[in-house]
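Down below is the structure, laid out as structure tokens.
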Amino acid sequence: MLSAESYLKKSLVILAALAGLWLGMFFPTPALAHKVYVYAWVEGDRVQVEGYFNRSQKAQGSLVEVFGPDGRKLLEGKTDEKGLFSFKIPQKTDLKIVLTASMGHKSDYTLKADELAGGGSTSRPTLAPASKPEAQRAAEPAGQPAQAVRPSVPAPAVSQIDGDRLRAMIDEALDRKLEPLIRAMAQANEPHGPGLTEILGGLGYILGLLGIVMYMKSRAKP
Amino acid sequence: MHISEGILSAPVLLSGAVVAVAGTAIGLRKLDYDRLPQVAVLTSAFFVASLVHIPVGPSSVHLILNGLMGLLLGWVAFPAILVGLILQAVLFQYGGLTVLGVNTTSMALPAVLCHYALGAAARSNMRYLSISASFVAGFGAILLSGLLVAAALVFTGESFWPVARLVLAAHVPVMVIEGVFVAVSVQFLKKVRPELLEIIYAKR
């Protein structure tokens, strides 16, 4: 069965496949995918934008544009080599983030206004300058405020710090503690490729379409 | 190969749609409806092919299969690819509904060209002619698709050669793999189901 010819054929196929692999090595393919994804999340008073084709391929050097709800462009920038771009929250409204990658790939993501607020930024942009030195002052002299917050909150200590500053400090501490968690959540929420449901659903549609057309054609026949 | 929504200008979208509609109409007129199941199977293969990622070096590529569809379906590749792309757009968000015409044209037109240029050679009984013709069909279909994508992007203000070079460089591995895949498939069909290789046009 295995004639010399079929051996020759097999080795030809293997050679061609190897050639393909070899060529693949030499063309670091920039964006061979069907779709680029963009995802954004809030970290403190900044928004992190990530563009990617799949888990391992990030969209590097892609144009990121941020639009307000009125369609006005607020800012733009490019993603770095990790596919990341971050910007300071320009205004607390819905932000539409549009990422344009090479070869006709484009995607957008809308960051809702309440996400911006939920990220601790309601008090942030205004309080950030004030809260930084406040936090430092609290920590450096190992003075009363820092200690006062930690124990089971004795009444006189609370009265030494007014509500706004306390809130700012808590915000900051929470941000710091929650940062890894937020990052993990953001990654888990990232949109990614189609799952089994979509694939089987699509095949089902094709079969259904086939059935419909065949049914109609079979009725049309005499 | 899927151009996203909101990139191309209206005239490009419109001309893509016109070509796609015309091609689909021709395909549907020529189709022998008794062989519709074969079309459905190939449509399914096209639909899932883009999900099969083959690791190549540091990145991965996926098959497109338009060369094979051209050889086996001729003009019927138009409706088949259109259906596959509609489902990919709706279910996977690849491409989009407004770019459907352009994407269909960029993938199906090379398929039809393959059918006319290489169909007879791929069916021939001379083994090496058949193998090389089907390899060229798989390879060339992607090459032409890449050129069409680049051409569509040119009208958005990008200049042709840089885009074309980028698209083609990214697709060289796919071209080779797809060429091998089509060559192997055609030889396999010849042995197992030679009747599938006959063109599925209705006889009039």
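Values in this text are rule-based calculations from the coordinates and carry no lab data. Quick caveat, the model's predicted, so the values are computed rather than measured. FYI the Cβ positions are ideal-geometry reconstructions off the backbone, even for glycines, and counts take in every protein chain you see.
Residue-wise HN-Hα couplings along the range B:144-152, as the Karplus relation 6.51 cos²θ - 1.76 cosθ + 1.60 with θ = phi - 60° gives them from phi, are 5, 4, x, 5, 5, 4, 4, 5, 5 Hz; Gly and Pro carry x. For the range A:93-115 versus the range B:11-47, the inter-centroid distance based on Cα atoms is 33 Å.
Grab the Cα-Cα distance for residue B:155 and residue B:25, subtract it from 0.36 nm times how many residues apart they are, and report the gain in nm with one decimal.
44.2 nm
How would you classify the range B:107-204 from its alpha-carbon gyration tensor, with a ≥ b ≥ c the square roots of the eigenvalues: rounded for a/c under 1.5, else prolate if a/b is greater than b/c, otherwise oblate? Prolate shape, in that a/c is at least 1.5 and a/b is the bigger ratio. Are there chymotrypsin sites (Phe, Trp or Tyr not before Pro) in the range B:78-166 that DSSP puts in a loop and that have at most 14 other Cβ atoms within 10 Å, and which ones? In loop regions of the range B:78-166 (DSSP not H, G, I, E or B), the sparsely surrounded chymotrypsin sites (Phe, Trp or Tyr not before Pro) are B:155. Each Cα pair under 8 Å and six or more residues apart adds its sequence gap; the mean of these over the residue count of the range B:10-197 is a relative contact order of 23 percent. Sequence-ordered 3J(HN,Hα) estimates for the range A:109-116 from the Karplus curve with 6.51, -1.76 and 1.60 and θ = phi - 60° stand at 9, 9, 9, 6, 4, 6, 5, 5 Hz, glycine and proline given as x. The angle between the Cα long axis of helix B:160-192 and the main principal axis of chain B comes to about 20°, on a 0 to 90 degree scale.
Comparing B:188, B:147, B:164 along the charge dipole axis of the range B:97-197, the residue lying farthest to the positive side is B:188, per the Cβ-charge model.
Distance from the Cα centroid of the range B:64-101 to that of the range A:73-91 is 35 Å (rounded to whole angstrom). When chain B is treated as a GNM with alpha-carbon contacts under 10 Å, the residue of B:20, B:108, B:40 showing the greatest mean-square fluctuation is B:40. Mean per-residue shielding of peptide B:171-179 is 5, counting Cβ atoms of other chains within 10 Å of each Cβ. Annotation: amide H-H contacts under 5 Å for residue A:61 (H modelled 1.01 Å from N, sequence separation of 5 or more, or interchain): A:79, A:80, A:83.
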